[in-house]
1. I need the Debye-formula profile for segment 39-83: one equal scatterer per C-alpha, no solvent, reported as log10 I(q)/I(0) at q = 0.27, 0.34 1/Å, two decimals.
2. Could you size up the charge dipole of the chain around its Cα centre, putting +1 on the beta carbon of Lys and Arg and -1 on that of Asp and Glu, and report it in debye to the nearest 20?
3. 222 nm [θ] for the chain, helices only, -39500 (n - 2.57) per DSSP H run of 4+, per residue, to 500?
4. Restricting attention to segment 20-63, which chymotrypsin sites (Phe, Trp or Tyr not before Pro) occupy a DSSP loop and are surrounded by at most 15 other Cβ atoms within 10 Å?
5. Where in the chain is the longest stretch that carries no GluC sites (Glu not before Pro) classed as loop by DSSP and with at most 12 other Cβ atoms within 10 Å?
Amino acid sequence: MSHVATNWASRARGIEPAQKLILFFLADYHTADFGCEIEFQFLADQTEISVSDIEAHLAELERAGWVILGTDGRIWLSFETGFPSSDGHWITS
């Protein structure tokens, strides 16, 4: 669990409630060493959101600049150092 990540997710604004829940669970499973690597089925089980809806919400979160879905299965969160975004979704203290 990353307290920085969960704090970031809890302060996210301007997204749908289901998307915020997904961000929170991504943040809860984020580690400083490995980032967020989570199976969509596990995420669906934890959030009680279908896998197809998880995929749709993650695609929307990626379009909005909150996450990047890596080809290796890793999900980058926009608070992470080096996140390649300049669209204002950085949340600072």
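Every number here is computed from the coordinates shown, using simple stated rules; none is lab data. No experiment lies behind these values; they were computed from the predicted model shown. Backbone-built Cβ (ideal geometry, glycine too); neighbour counts: all protein chains shown.
1. -1.03, -1.17
2. Here the chain has a charge dipole of around 400 debye.
3. -13000 deg cm²/dmol, from helical runs alone.
4. Phe34
5. Answer - 49-93.
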